[in-house]
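The values are calculated or read from the model by the stated rules, or taken from the named source; none is laboratory data. Treat the numbers as computed from the prediction; the structure is a model and nothing was measured. So basically every Cβ, Gly included, is an ideal-geometry build from the backbone, and we count neighbours across all protein chains shown. Please note that ligands, DNA and RNA were not included when accessible areas were found on the heavy atoms of the full protein model with its side chains. Shrake-Rupley method; radii C 1.70, N 1.55, O 1.52, S 1.80 Å.
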Amino acid sequence: MTLCPTAAVEIYTSGALEAVNGTDVRLKCTFSSFAPVGDALTVTWNFRPRDGGHEQFVFYYHREPFRPMSGRFKDRVVWDGNPERYDVSIILWKLQFDDNGTYTCQVKNPPDVDGLVGSIRLSVVHTVPFSEIFFLAVAIGSACAVMIITVIAVVLFQHFRKKRWAKRAHDDEGIKSKEEEKLKQENKVSVYLEDAD
């Protein structure tokens, strides 16, 4: 995040941003001011193409959002800010390769009107390369998945082992009961034969 130091209004932007052609992108811009945010706040977004050319109007905010009525950004830019939270961001829809360039964000909060302009250098690309953060996220996710699978395997193993022990104990109990019943029958026969004698 870059900080544009000023005597008054300070602007904070991402500095550089990369996004895929055809997608939407949020151009984040926040600010700080010694004056409370009021109805006099104005925000101006402009664009300068990377290959040069004139600066073009992108967006304006004063009490309410004002989208461009013509030009390259007509029907492609929306307000996504919250002045009470010092956020004056916008969203650019359906990126095109000729959207490559520098977007500037200027905030005036009277009487605090001085300050440098915040800028974002946008690069529109075919695909976003995998970053180290992505690989780290995949590694952490994989490790978590392995741990979860291991825990489930251990729990299932213990469950089936207990079930097997219970079945074995039940079977042993059944065999013991049968043997006792057989012994009782033999005793009855033996007693009957003795009485018959």
Within the bounds of region 120-137, is there any residue that is among the aromatic types (Phe, Trp, Tyr), under 20 Å from the mean Cα position of the chain (by Cα), farther than 30 Å from residue 45 by Cα and surrounded by 11 or more Cβ atoms within 10 Å (Cβ to Cβ)? yes
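Quick grid of which residues meet (1) open to solvent by less than 30 Å² (accessible area, probe 1.4 Å); (2) farther than 13 Å from residue 105 by Cα; (3) hydrophobic (A, V, I, L, M, F, W, C):
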| residue | (1), (2), (3) |
| --- | --- |
| 10 | no, no, no |
| 24 | no, yes, no |
| 38 | no, yes, no |
| 45 | yes, no, yes |
Say we look at region 47-60 and pick out the residues that are in contact (Cβ under 8 Å) with a residue 24 or more places away in the chain and touching a Gly at 6+ places or on another chain (Cβ under 7 Å); which of these is most open to solvent (accessible area, probe 1.4 Å)? 50
In region 39-48, is there at least one residue being more than 30 Å from residue 126 (Cβ to Cβ), among the hydrophobic types (A, V, I, L, M, F, W, C) and in a loop (DSSP other than H, G, I, E, B)? yes
Considering residues that are crowded, with 19+ Cβ neighbours inside 10 Å and either of a type in the set (D, E, K, R) or not in a loop (DSSP other than H, G, I, E, B) (or both), the number found within region 107-118 is 5
For region 79-105, give me each residue that is more than 13 Å from residue 30 (Cβ to Cβ), open to solvent by 60 Å² or more (accessible area, probe 1.4 Å) and not in a helix (DSSP H, G or I). 93, 94, 96
Residue in region 11-30 that is out of contact with any helix residue (DSSP H, G or I) (no Cβ under 7 Å at 6 or more places or on another chain), part of a loop (DSSP other than H, G, I, E, B) and over 25 Å from residue 127 (Cβ atoms) present: no
Going through region 61-78 one residue at a time, which ones are assigned to a loop (DSSP other than H, G, I, E, B) and open to solvent by 100 Å² or more (accessible area, probe 1.4 Å)? 63, 67, 69, 75
